[in-house]
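Asks: Quick one: the structure is below, questions incoming.
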Amino acid sequence: HYSMANFVYILKKGMDITPGGNDGEEKVPESQKLGEPLPLEQRVTRLIEITCLTCFRYVAQGLFERHKLIMATQLVMAILRGRGELQQQKFDFLLRGPKVLGEENPLSEWVSDSVWASVQALKELDDYSSLPDDLVGSAKRWKEWMELERPEDEPVPGDWKRMPEFERLLLFRVLRPDRLTA
């Protein structure tokens, strides 16, 4: 049961352990205080972070282990959207994994038609228009990377490794969708 009263309790607890202000810090044991007082803007940011984490921990107590990652992902995506750091079009692509059928697959020896259809869909998004050409032009490097047991532990070939983490996640969505499932 997650009520407003529970949320207020969590918020007050977060205020107590967030540095700065005068929110009853004398009630908080020294071991739980989070450091030196902060300027107001930084304190609010830290309070939001602590509140999110505390809420997640509170809700996670009632979840099965296999559902905690789903909940954490939903929370992170909501935070990123709230900050304006997540483009809806890319988020939708991650969730839906669209495909563009009918394009000839020049790498059919090692790239399935399904993966190639996903690559064709991804190239429609900003920042990915050169992906099909790069796959063909650097086929050896891409093939080696795609055949790794754990490609997430290795850099993505070429300049793609410089992309932000979420952007690289879309590469995994199309090239190694097996690495996105638990």
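Computed from the coordinates by the stated procedures, all read-outs in this text should not be read as laboratory data. Keep in mind the model is a prediction, meaning the values are calculated, not measured. With ideal geometry, Cβ positions are generated from the backbone for all residues, glycine too; neighbour counts draw on all protein chains shown.
Asks: Taking into account only those residues within the stretch 114-153 that are small (Gly, Ala, Ser) and more than 16 Å from ARG179 (Cβ to Cβ), which is nearest to the chain's Cα centre (by Cα)?
Replies: ALA121
Asks: A further question on this structure: Here's a check for you: in the stretch 134-182, which residue that is of a type in the set (Val, Ile, Thr) and surrounded by fewer than 16 Cβ atoms within 10 Å (Cβ to Cβ) is nearest to LEU95 (Cα to Cα)?
Replies: THR181
Asks: Filter the stretch 58-84 for residues that are among the aliphatic types (A, V, I, L, M) and either outside any helix (DSSP H, G or I) or free of Cβ contacts under 8 Å to residues at least 60 places away in the same chain (or both) and give the result.
Replies: Answer for the stretch 58-84, where residues must be among the aliphatic types (A, V, I, L, M) and either outside any helix (DSSP H, G or I) or free of Cβ contacts under 8 Å to residues at least 60 places away in the same chain (or both): VAL59, ALA60, LEU63, ILE70, MET71, ALA72, LEU75, VAL76, MET77, ALA78, ILE79.
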